[in-house]
Amino acid sequence: MKFMDVISGWANRHFANEEAIFLIVFLCAGFAVVISLGTYLAPVLTGLVLAFVLEGLVRRLEQVKVPRFAAMLITFLIFVGLLVGFILVVLPLVWQQLRALVDAVPALLGRLQEASINLPESLNGVLTQEQVQTYIDLAVGEVGNLSRGLVETLVSQVPSVVGLLIYLVLVPISVFFFLKDRDSLMIWFGSLLPRERPLLERVGGEMDRQLANYVRGKFIEIFIVGSASYVAFELMGLNYAALLGLLVGISVLVPYVGAAVVTIPVALVAYSQWGWTAEFGYLMGAYLVIQGLDGNVLVPLLFSGAVNLHPITIIVAVLAFGGLWGIWGVFFAIPLATLVKAVYGAWPEDLETTAIARPDELGVVKPASE
């Protein structure tokens, strides 16, 4: 009985506020819709995300006295131009290099086997030649299976012609109308919420600042890091420069882990092409410079004050939401973790705790002796 009293008291303290209940129901409903209907609503949700990103450019144009509709139209045309360029130029090149890399995997593994011959001597007998060969054979088998599985996965994930056309039509249309009717959509959405909503406004204001800075900044970071990596790889003559540049750009979606993981294919391709030569060292040096500038210059510049989460929290969020929603979950892991933090920070406290923490705000007069 005492246990139930404790649970009842805790629930009364934290869920007595009607707006708090509404917020919980609203968040649960949103997650349920995404989980159950996310596959079917993917073009519209993609359009919503892209419109949110492009809204920043629309506002910048409005600040220089461009009318709203003209600013929206200019932004939309820029988006369509970039989309067409990516589909016609970047995507075919990346796909071609990916297939070539998969075909070159046996040669790459051969180079690694040759390099492993002298490994037991360099380790001073820690590993025998038989042990090294066993490990190499296991690695060869796993990489071979991985490459075949990668190709099969990519082929199976390529949408049908009809599905691709649906995306190519619905995503731009969704972006256009989300940008064009932003104000009316916001008014309609606000009409669904309670009239008195201080908690929702606190959470919404916090998320608007955090999410806007993060999503737009992350798109910019992907473009800058990916483009800089591609230019550096291409100038230095590295094979599969477009593919590796794209991988380096996408790797920034996963803080800490992404940069470490993508280093492996970059180093392997460079070694298979040049071996232990000066070119290999120059390439890895340029790659490390790009990563260093990204972590120490670009990230603080783009996300200054936007995300204040502990690294362990970020890793847990990436693993959890990535497992639920794949690449979209990885991309939105930090915003979703920030949402949880914003809800926790804005959650109404019980009256007794609030009175102790903020007596002035509640009209509680402290004794003069204090």
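The values are calculated or read from the model by the stated rules, or taken from the named source; none is laboratory data. Because the structure is predicted, anything quoted here is derived from the model rather than measured. All Cβ positions, glycine included, derive from the backbone under ideal geometry; neighbour counts span all protein chains shown.
Data overview
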item: Hits in the stretch 56-86 - residues which are of a type in the set (V, I, T), touching a residue at least 12 places away in the same chain (Cβ under 8 Å) and more than 16 Å from D183 (Cβ to Cβ); result: I74, I78, V80
item: Flag for N296 being closer than 30 Å to F219 by Cβ, outside any helix (DSSP H, G or I) and either out of contact with any His (no Cβ under 8 Å at 6 or more places or on another chain) or modelled with pLDDT under 70 (or both); result: no
item: Some residue of the stretch 344-353 being loosely packed, with under 14 Cβ neighbours inside 10 Å, among the aromatic types (F, W, Y) and modelled with pLDDT under 75; result: yes
item: Matching residues, the stretch 251-295, being of a type in the set (S, T, N, Q) and surrounded by 18 or more Cβ atoms within 10 Å (Cβ to Cβ); result: S251, S272, Q273, Q291
item: Test: residue in the stretch 167-182 that is modelled with pLDDT under 85 and either among the hydrophobic types (A, V, I, L, M, F, W, C) or more than 30 Å from I74 (Cα to Cα) (or both); result: yes
